[in-house]
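Quick notes on the structure that follows.
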Amino acid sequence: MSRISRLPSSLLRAAACTGAAALALTACGSGSGSGSTSTGSGEVKVGLITKTDTNPFFVKMKEGAEKTAKAEGVKLMTAAGKFDGDNAGQVTAIENMVASGVKGILITPSDSKAIVPALEKARAKGVLVIALDTPTEPQSAVDALFATDNVKAGELIGEYAKAAMKGKAAKIAALDLAPGVSVGVQRHSGFLKGFGATDKDVACAQDTGGDQSKGQTAMENCLQKEPGINVVYTINEPAALGAYTALKAKGREKDVLIVSVDGGCTGTQAVKDGKIAATSQQYPLKMAAEGVKAVVTYAKDGKKASGYTDTGVTLITDKAQDGVTSKDTAYGLENCWG
């Protein structure tokens, strides 16, 4: 998950509000409480907690929440972990948001299991809790989940990779996320299912944390272990671009197939440029927008969102394969993370 060197001032302001303790949450709001969505105690407040505030995926998610909060006339409060996996930072943010009177919390949990007690406490106080992108374990720890079907996202790139190999024997490298993170497990297992393989068929597996530099190191390690690798599954596009850099350094970038998940604008451009063969595009802006609307509905009439809402996934490639449904990068760039 690539880092960006410069953000718009509005996003920098939001990022500045998301320290480990998330101490100034009310200063991070966008929009103001008004109209029929207000309660007797004043404006309706909606909380958004992401894994980090630097990953472009979560920047886009925040953008969707901000736009919808402004349109709905509610106050958006934002916070994030210092890094992907910062459960303590997210717990602190939940506690601060509950104390400040939010009606609902939208969260992409860094640790699907460890975050559960904090979420249960929030729900016990009447706060609607919706997971975005990453399910909790158990999923019932939240009221609702708005997310990509990550197993399907993995299956799509697995099916694509299998078709693109055209019967050639595959030596697979899996550049994963981190142990115990549900989204990583789901994408990995989906890829193997789509490819018709098992973990026994993976020549090398390395964790990357979704980070580009770690993806490069992981690919270098895999090439040392198994120089003949010709298929690379990656948890996301930053990891994929790290893998591409390592392969290019060895002169292997043209004969190794890289597939990924996210469909961000940078990643989709990498597909167009031939660095990544195909990616499963997901839609974080939609996740957040629908989440804010759900909290507004709860504030108005007490109706809680429940269950799982699939926010969609599309395979993006410029090298379509027979029997595998996909769209080209023109579509991908027009819809990246929309």
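Remarks
- Spin-label pair ASP255-TYR331: with each label point 7 Å from Cα along the Cα-Cβ axis, the two points sit 3.3 nm from one another.
- Measuring nothing but protein heavy atoms, the accessible surface of the chain at 1.4 Å probe radius is 50 percent carbon and sulfur.
- For the stretch 77-222, Kirkwood radius (reciprocal of mean inverse C-alpha pair distance, Å): 16.8
- Applying D = kT/(6 pi eta Rh) to the stretch 160-286, where Rh is the Kirkwood radius over alpha-carbon pairs, T corresponds to 10 °C and eta to 1.306 mPa s, the Stokes-Einstein value obtained is 112 µm²/s.
- Both radii come from the Cα set of the stretch 175-243: Rg as radius of gyration, Rh as Kirkwood radius; their ratio Rg/Rh reads 0.94.
- Once the Cα atoms are used to define both axes, helix 212-225 deviates from the longest principal axis of the chain by about 30 degrees.
- Sites GLU120 and TYR308 - FRET efficiency at Förster radius 30 Å, r taken between beta-carbons, to 0.05: 0.95
- Contour excess over end-to-end distance, with Cα ends at ASP322 and ASP273 and 0.36 nm allotted per residue: 15.5 nm
- From the C-alpha gyration tensor of the stretch 37-117, square roots of 5λ in Å: 22, 16, 8
- Between LEU119, GLY196, TRP337, the Cα set farthest toward the positive side of the dipole of the chain (charges on each charged residue's Cβ, about the Cα centre) is that of TRP337.
- Cα extents of the stretch 141-210 along the three principal axes, largest first (Å): 45, 22, 18
- Interchain or long-range residues, amide H under 5 Å from ALA205's placed H: ALA174
- In this Cβ point-charge picture (+1 for Lys and Arg, -1 for Asp and Glu), the stretch 60-176 has a dipole of about 240 debye about its Cα centre.
- D_trans [Stokes-Einstein, Kirkwood Rh over alpha-carbon pairs] for the stretch 251-338, 10 °C, 1.306 mPa s, µm² s⁻¹: 109
- Gyration tensor analysis over the Cα atoms of the stretch 123-168 returns equivalent ellipsoid semi-axes of 37, 8, 5 Å (largest first, whole Å).
- Each part reduced to its alpha carbon centroid, the stretch 290-338 and the stretch 99-167 end up 14 Å apart.
- Computed [θ] at 222 nm, helices only, for the chain once each DSSP H run of length n ≥ 4 contributes -39500 (n - 2.57): -13000 deg cm²/dmol
- Long-range amide H partners of VAL74 with built H, under 5 Å: SER32
- Radius ratio Rg over Rh of the stretch 90-172, counting only Cα atoms, Kirkwood formula for Rh: 1.24
- Using distinct alpha-carbon pairs, which all enter the 1/r mean, Kirkwood radius of the stretch 206-262 in Å: 10.7
- Here the stretch 295-338 is scanned for amide nitrogen atoms under 20 Å from the site 7 Å beyond the Cα of ASP201 along Cα-to-Cβ, giving 321-325.
- Angle between the chain longest axis and helix 56-72 axis [Cα atoms, degrees, rounded to 10]: 30
- In a reduced charge model with +1 at each Lys and Arg Cβ and -1 at each Asp and Glu Cβ, the chain shows a dipole moment near 320 debye about its Cα centre.
The values are calculated or read from the model by the stated rules, or taken from the named source; none is laboratory data. Bear in mind that the values here come from a model prediction, so they are computed numbers and not experimental data. No Cβ is skipped: glycine too gets one built from the backbone with ideal geometry, and neighbour counts run over all protein chains shown. Areas reflect the complete protein model, heavy atoms only, side chains present, ligands, DNA and RNA absent. Shrake-Rupley method; radii C 1.70, N 1.55, O 1.52, S 1.80 Å.
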